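One structure is given below, encoded as structure tokens.
The values are calculated or read from the model by the stated rules, or taken from the named source; none is laboratory data. All figures in this text were calculated on a predicted structure; none of them were measured in a lab. Every residue, glycine among them, receives a Cβ derived from its backbone with ideal geometry; neighbour counts consider all protein chains shown.
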Amino acid sequence: MTKPFNFSTFMREEFACYSKEYATHHVSITGATKLDKSKGGVFLFLHFGSFFLSGVSLIAQLGIKYTAIASTENFKVMDREESKFWKEVHKISNRLYSEKMFLSNHTKSSEILASLKKGSFVGAALDVAEIGKKHKFHPFTFLYNDILLQTAPARLAKLAKVPLYGMTISYDQKLGVHNLELTGPYDSCDVEKSVQMILTEMEPIIQNNMDQLFHDIFHLFSFPRLKDHIITTKQKKECLSVLAPIKQLKSQLPSSFCPRFESTITSWHPHRDFAYNLVKKFRPEIIVELGVHYGDSYFTFCQACDELELNTQLYGVDHWQGDKQAGFYGDDVFQEVNEYNQEFHSQNSTFLRIDFTEALKSFETSSIDLLHIDGSHEYQSVRNDFGNWLPKIKKGGMILLHDILVEREDFGVKEFWKEISKNYKTESHQEGFGLGVIHV
């Protein structure tokens, strides 16, 4: 008696055969003419069919550069054999894809953005929930059910200014062929609308091949099941009239800090772990940064507050024009930093594109817990910034001063640091250009 066809078993056995030649002869692609190969984009898919084979087929048949966003977090809760299988899947995929997959628990979003901006394509699953982590899920309708799916990969497409595409692969047992259907392009500026359109296009294919779903998406991605994985918001009495809604998280705290944002300006990079741990210990309610520039320090504070489950409001003050020390630059720097802020931190982060002195009126006396001064590094400028903003700091608050180790004629931070250390309790982080902590 012939055993009934089991797609899961078939997929696992077939995986050993994956190659570009195999993908060329065993996958039929429809919708490829809609693809703009010169621009790059993000393919969104569900864990359905032989989804890893989709990427190999795109490379082999369409000649595009492709890799995927993946995760190894859930390997920790798999049994030994299951974990071994998926590790092998990742190994083979990394060999066949144009470049190694971006691991969500190790890769910075800036790396993915750089790849997209160069014209590469990235695939990402919508139905992902990582053990011990929280994500921004959004409600969607799929096959008459309400489910919650991730939108982070689609938001990356918006930041990179590339289109979204839908990607669904199903196996035809009678013909022995995989059918890969591409849909789109969709506008990445309207993420939720575009993702819903992609899901709607997927419905007929998946409905006719329900046995090829990798998991019970309707149960696993329902609100009751995902409630402990969702980044939610909670209203709180505002300290300032300009405050936005405040986040309230309930996830397990991460054991280490892996920056999601990183620019090519490296001067603040050595202090990120120190700053993360400082925020973890101090738990500030209001953080203000004077001198945001590309945002490496600012987004470290933002990410730390998200991951450490703090109801913190953050303010970045900068005119985003540059100065003679950092160099002058155009409006593109602000546009890039502001887009990232709007996409990932808009609920608790506000940019004030004004001078430091003008920004003073936006904050009440003794309202700020943590102030980071990193504007002009001339002695008098640093002294003025400290003196002007000191009344705004709460008793028991802190002021961070960057570049306390720099010895240059046009830098007066080190000199001011020596002076202020005589009058206040201080500590310093001696890595890089040095970061001073002043206890008020």
Query raised in the report: Which one of F75, F102 is at pLDDT below 90 and either within 21 Å of Y18 (Cβ to Cβ) or not assigned by TED's automatic domain parsing to the domain that holds A124 (or both)?
Result: F75
Query - Residue check, G295 at pLDDT below 90, at positive phi and assigned by TED's automatic domain parsing to the domain that holds F386 - result: no
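Does T264 count as over 20 Å from P391 (Cβ atoms) and either free of Cβ contacts under 8 Å to residues at least 12 places away in the same chain or among the polar types (S, T, N, Q) (or both)?
Values: over 20 Å from P391 (Cβ atoms): yes; either free of Cβ contacts under 8 Å to residues at least 12 places away in the same chain or among the polar types (S, T, N, Q) (or both): yes.
So T264 fits the description; yes.
Condition check ((1) polar (S, T, N, Q); (2) modelled with pLDDT of 95 or more; (3) on the phi > 0 side of the Ramachandran plot) across all residues:
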residue: L390; (1), (2), (3): no, yes, no
residue: I399; (1), (2), (3): no, yes, no
residue: V406; (1), (2), (3): no, no, no
residue: F411; (1), (2), (3): no, no, no
residue: E415; (1), (2), (3): no, no, no
residue: S428; (1), (2), (3): yes, no, no
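Within the bounds of the stretch 178-192, is there any residue that is in the same structural domain as L44 (by TED's automatic domain parsing), under 22 Å from the mean Cα position of the chain (by Cα) and among the small types (G, A, S)? It would help to see each step written out before you state the result.
Of all residues in the stretch 178-192, those in the same structural domain as L44 (by TED's automatic domain parsing) come to 178-192.
Filter again for under 22 Å from the mean Cα position of the chain (by Cα), leaving 186-192.
If we keep only those that are among the small types (G, A, S) too, we end up with 188.
So far as the stretch 178-192 goes, yes, one or more of its residues are in the same structural domain as L44 (by TED's automatic domain parsing), under 22 Å from the mean Cα position of the chain (by Cα) and among the small types (G, A, S).
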Report task. Could you pull out every one of the helices (runs of 4 or more DSSP H) wholly within the stretch 20-114 that has 2 or more residues that are surrounded by fewer than 15 Cβ atoms within 10 Å (Cβ to Cβ)? Result -> 20-26, 80-96
Query raised in the report: Between a first residue in the stretch 333-356 that is under 13 Å from G316 (Cβ atoms) and free of Cβ contacts under 8 Å to residues at least 24 places away in the same chain and a second residue that is among the basic types (K, R) and surrounded by fewer than 17 Cβ atoms within 10 Å (Cβ to Cβ), which pairs have beta carbons less than 9 Å apart while being 6 or more apart in sequence or on different chains?
Result: F334/R353; N338/R353
Report summary line: Per the list (1) modelled with pLDDT under 90; (2) closer than 19 Å to I373 by Cβ; (3) not hydroxyl-bearing (S, T, Y), residue check on D216 breaks on (2)
Report summary line: Scanning the stretch 24-58 residue by residue, the ones that are free of Cβ contacts under 8 Å to residues at least 60 places away in the same chain and under 16 Å from S93 (Cα atoms) total 3
